[in-house]
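Read the structure below first, then the notes.
The values are calculated or read from the model by the stated rules, or taken from the named source; none is laboratory data. Keep in mind the model is a prediction, meaning the values are calculated, not measured. Every residue, glycine among them, receives a Cβ derived from its backbone with ideal geometry; neighbour counts consider all protein chains shown. All accessible areas refer to the heavy atoms of the entire protein, side chains included, with ligands and DNA or RNA removed. Shrake-Rupley method; radii C 1.70, N 1.55, O 1.52, S 1.80 Å.
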Amino acid sequence: MTSLSTDTDTDVLVVGAGPTGLLLACELALAGVRTVVAERRDAPHRESRALNLHPRGIELMDMRGLADRFLARGRTVPGWQFAATLPRRLDFTTLDTRHPYALLLAQARTEALLEERARELGARVHRGYRAVALRQSATGVETELRGPGGRVVTVRAGYVAGCDGGRGFVREAAGIGFPGTRESMTAVVGDFAVADHAHNERARRHGVLVARLEEGLTRFVVMDPLRIRVPSTEPVTLAEFRTSLSRVCGTDCGVGEPRWLSRFGNATRLAESYRRGRILLAGDAAHVHFPVGAQGLNTGLQDAMNLGWKLAATVRGWASPGLLDTYHAERHPVGRAVTDGTRAQTLLVELPLTEEYGRPAALLCELLDTLLGMPEVNRHLAGRISALDTGYPPTAPDADPLTGRRMPDIGLTTPAAPRPTRVYELLRDGRFVLLRLGRGGGTEPPTAGGRVRVVTATSYDDRRDLDGVREVLVRPDGHIAWAGRASGPGALAAGRSRALAAWAGPGNGSAHQASTP
């Protein structure tokens, strides 16, 4: 564990070394921003609250060349649940992605892989430092951190990113409200090295979540009708866990001594703002909810990807006016949709367990399960849970329908490339990509100096949604900033210039010309 000096200057201080904070550190360091990460824990968690990456989360790793590292350490499954009480699962295999699956990977492993990458890129990660005071001015933020032995150090940064969880210090110190609903239901979770797997399917049929983890561990998540009102602050005992398992599914599944026991609730909150001056929030610091659908970690990773390049542009001085404000404008509605959606799913879990609503709720679940059997319904909900359908509203009234949508990872053939390539391979260095889809020829357009890679495709995957599209400006986070369709050369050039000025900042030379990653 490295130590911070008494006074430290940096461009960005990231508070919290969970998946969100570490991916944000990766993005900032990739863009050449001096980044310090401060984590209150002395060592990484052994236990893992989250267990998977959804398709969009895997795509984000793919864009930065990290997908293989993650896929090698986890196990893929073709779908995921929509509310634990519905037997039918969401089918990710029908989605428009090269990664049509969820990746079962413990959060501890995800954090280890992201920390490894952050350090490779030059970010400094310091453990055992808790934020205790924060002072913001017009030019920066001073943060006091209490470190090992009670020693207090001061970090002066241009910006502070609070990625320190739902009970974190940064949001409260910044005075950002965190409204929402209080806890009304709890569940218990346990990881066990010893369990009788012969009972796993029986447990699943009775609504118990069962997952095989690394190191031979098995996780059980139990919602016991007689214990769902127990506050999350009450510790879980092994005796209680075994009793609840037996009551719910008729067997304690042979669980032995636990590696980890915990109780969690359905309190749901969304920060009023994701930004206050030079302080920004991401991940659980901005939104908390019941972990139904496994969307929390994945939503945090998407926050980090959206914020990273915008904050880097601001620090480096080339951001257009208002660019950093688009972080809240784009991600806060997503946070609202996720928290609202998980509240709806949680009701499908909670109500069947109650005496008052048990039977009507069970009938509702049967109806919804039938609807999940319809391909179009299943695909719609799978797109929402996986975040593949997440798009951002365009700022221009005459924007192309593709604007703000996720860019599909189409295959490309370029004039000088030794092999076909993919769009996501072109995003490895975190720059913009201007795709010219005229199938060859033409003069390379002027672009923002060095921040935009220009690629002309002589052929590409045919897609109906790209019919008539001549050029596409892809943001570093894989969303479409602008699309230009067949029109006069003057109109195309004018649209391109406006988009580059709005998103990639003022130009100062020619872009890097490239046909390969």
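Things to note:
- When D477 is tested against (1) out of contact with any helix residue (DSSP H, G or I) (no Cβ under 8 Å at 6 or more places or on another chain); (2) in a loop (DSSP other than H, G, I, E, B), only condition (1) is not met.
- Near pairs, Cβ below 7 angstrom, 6+ apart or cross-chain, from the stretch 327-341 (over 18 Å from G478 (Cα atoms) and in a helix (DSSP H, G or I)) to any residue that is among the hydrophobic types (A, V, I, L, M, F, W, C) and open to solvent by less than 60 Å² (accessible area, probe 1.4 Å): G335/L270; G335/A286; R336/L270; T339/L270
- Condition broken by L280, with the remaining ones in (1) open to solvent by less than 10 Å² (accessible area, probe 1.4 Å); (2) outside any strand (DSSP E or B) satisfied: (2)
- Of the residues D369, D303, D398, the single one that is acidic (D, E) and open to solvent by 50 Å² or more (accessible area, probe 1.4 Å) is D398.
- If only residues of the stretch 107-134 that are open to solvent by 20 Å² or more (accessible area, probe 1.4 Å) and assigned to a loop (DSSP other than H, G, I, E, B) are counted, the one that is nearest to N298 (Cα to Cα) is L121.
- Checked against (1) more than 15 Å from F432 (Cβ to Cβ); (2) surrounded by 20 or more Cβ atoms within 10 Å (Cβ to Cβ), K310 passes all but condition (1).
- Flag if P148 is of a type outside the set (V, I, T) and over 30 Å from G411 (Cα atoms): yes
- Here the stretch 184-208 is the region considered, the condition is being among the acidic types (D, E) and more than 26 Å from the chain's Cα centre (by Cα), and the residue that is least open to solvent (accessible area, probe 1.4 Å) is D196.
- Looking only at the stretch 313-323, residues that are outside any helix (DSSP H, G or I), open to solvent by 10 Å² or more (accessible area, probe 1.4 Å) and aliphatic (A, V, I, L, M) come to 1 in all.
- Residue check: R263 meets all listed conditions (1) part of a loop (DSSP other than H, G, I, E, B); (2) at pLDDT 95 or above but one, namely (1).
- For C253: the one exception among (1) in a loop (DSSP other than H, G, I, E, B); (2) surrounded by fewer than 20 Cβ atoms within 10 Å (Cβ to Cβ); (3) hydrophobic (A, V, I, L, M, F, W, C): (2)
Residue-wise test of (1) under 21 Å from G430 (Cα atoms); (2) at pLDDT below 95; (3) of a type in the set (D, E); (4) assigned to a helix (DSSP H, G or I).
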{"residue": "D9", "(1), (2), (3), (4)": "no, yes, yes, no"}
{"residue": "L13", "(1), (2), (3), (4)": "yes, no, no, no"}
{"residue": "T20", "(1), (2), (3), (4)": "yes, no, no, yes"}
{"residue": "L24", "(1), (2), (3), (4)": "yes, no, no, yes"}
{"residue": "L28", "(1), (2), (3), (4)": "yes, no, no, yes"}
{"residue": "A38", "(1), (2), (3), (4)": "no, no, no, no"}
{"residue": "A43", "(1), (2), (3), (4)": "no, yes, no, no"}
{"residue": "E47", "(1), (2), (3), (4)": "no, yes, yes, no"}
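- Listed by position, the strands (runs of 3 or more DSSP E) contained in the stretch 139-199 that have at least 3 residues being among the polar types (S, T, N, Q) and closer than 21 Å to A43 by Cβ form an empty set.
- Verdict on D325 being touching a Lys or Arg at 6+ places or on another chain (Cβ under 6 Å) and among the acidic types (D, E): no
- Verdict on T421 being at pLDDT below 90, open to solvent by less than 10 Å² (accessible area, probe 1.4 Å) and in contact with a Ser or Thr (Cβ under 8 Å, 6 or more places away or on another chain): no
- Whichever residue in the stretch 23-49 is over 29 Å from F192 (Cα atoms) and among the charged types (D, E, K, R) and, among such residues, is surrounded by the fewest Cβ atoms within 10 Å (Cβ to Cβ): R34
- Out of S232, S246, sole residue that is over 16 Å from the mean Cα position of the chain (by Cα), free of Cβ contacts under 8 Å to residues at least 60 places away in the same chain and surrounded by fewer than 16 Cβ atoms within 10 Å (Cβ to Cβ): S246
- Annotation note: of G168, G149, G216, the sole residue that is open to solvent by 30 Å² or more (accessible area, probe 1.4 Å) and within 25 Å of S48 (Cβ to Cβ) is G216.
- Remark: pairs (first residue in the stretch 130-145, under 13 Å from A38 (Cα atoms); second residue buried (at least 21 other Cβ atoms within 10 Å of the Cβ) and of a type in the set (S, T, N, Q); Cβ separation under 9 Å; 6+ apart in sequence or on different chains) = A131/T143; V132/T143.
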